[in-house]
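First the structure, in the form of structure tokens, and then the observations on it.
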Amino acid sequence: AFITSGHYGDGELRALVPTTGIIFDSLLSFASTDDPDDNGTTADHSHRIYLAEDPATGKFAMSHWKHLSKKWDSKCTYARLLLRATTQSVEMLPSMMESTTSSQSQSRSQLQQHPDERIIFILHNHPKMASTTLRRACWENLRSTCDVVSPKRDPIGYSNANDLAMLIDKCHNTHHFCVMGWHFHPNNFPNATLISSSSSYSSSRPTTYIHLFPFRNFDDWAVSAMKQVYVGHSEAGCEEVAKRLEKCDDGWLELDFTKYSKRAMTKMLGIIDEPQKIVQQQQQQQSAAKHHFLLYDYSQVHATLTMLERSYQVPRMAYLNMQYKQTRQDGTCSNRTLSRFHDCFDDQLLGL
């Protein structure tokens, strides 16, 4: 249940859950490529992914997932990914309404937007990638922009798609929402333009979702995740994760392959890759939401989000300058456990 200042109740919110699927459109390149192995049905063949370059420049690199995923192995750094996977550099993400403003001059730092367009940043959280900072910032942001006080440490909607849809519908002045990155599935992801017409929120309002996925080198992430298992559960935690890795199960708690951002990103793109159906749906619904996918260096989350907020002219989200878990107790699990984790998943990572 929601804990709020009295603006709305749980029963009212649950009546607004959307019942139809999400529509992904123009940012995704649905046309087949010249790749002989490209059959247009898998995630790594069709989608454009934007990468935040140095936030100070305000520029982005653009790559197709099929190129990006082949470079993203366990040794890959963000700088290397930018260098080797870039197909072109762009000065801004495409605006939802850019076709109607193409004849207008556009500033490098500000997008020309439809006056009614709503910009929503979906921050996909993954362990050991500034997830605590993001989660707490989103918690405070909901309180300050929508009078929603989440009853637990996770913000409302963090792990429940229905609750997230309700918040998007009700919190008109909120532009930032956090989700548990490995939990959400795009086939039940909320689409604010498809919510019941009985809602006070205009279903015809154009909406652009910017999905932000963090990048952290896989080796570095695994070391930090394994240490967190030890910090939280001592040797008993190490024994549990080692036991699960004997059969190459996904892992346990923070050291879990399913919680790494490339795995979650691949799954999300794969599920939504139904080009013909999506194009037909888009033609039937002019107000369909559009979705952009952005990969960023997790250590630059504050600077990257600030750059996007400035470009899309939305209020800044506070509390992102806070840092947590910077100092942790000494000790970690056995190097044998880390080695086993890589034996199990390095090849799987490259194959995504």
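Scanning segment 117-139 for residues that are more than 17 Å from the chain's Cα centre (by Cα) and modelled with pLDDT under 90 turns up at least one hit.
Within segment 292-323, which residues are open to solvent by less than 10 Å² (accessible area, probe 1.4 Å), at pLDDT below 90 and assigned to a helix (DSSP H, G or I)? Of everything in segment 292-323, just one residue is open to solvent by less than 10 Å² (accessible area, probe 1.4 Å), at pLDDT below 90 and assigned to a helix (DSSP H, G or I), namely Y312. Remark: R153 falls outside the filter, which requires a residue to be modelled with pLDDT under 95, outside any loop (DSSP other than H, G, I, E, B) and under 25 Å from S261 (Cα atoms).
Scanning segment 246-264 for residues that are over 16 Å from V229 (Cβ atoms), touching a strand residue (DSSP E or B) at 6+ places or on another chain (Cβ under 9 Å) and either at pLDDT below 90 or open to solvent by 10 Å² or more (accessible area, probe 1.4 Å) (or both) yields a total of 1. Exactly one residue among T87, T41, T77, T101 is at pLDDT below 55 and open to solvent by less than 80 Å² (accessible area, probe 1.4 Å), and that residue is T101.
The values are calculated or read from the model by the stated rules, or taken from the named source; none is laboratory data. Small disclaimer: the values here were computed from a predicted structure and weren't measured. A quick note on method: Cβ atoms are made from the backbone with ideal geometry, for glycine too, and the neighbour counts reach across all protein chains shown. We work out accessible area using only protein heavy atoms, side chains counted, and drop any ligands, DNA or RNA first. Shrake-Rupley method; radii C 1.70, N 1.55, O 1.52, S 1.80 Å.
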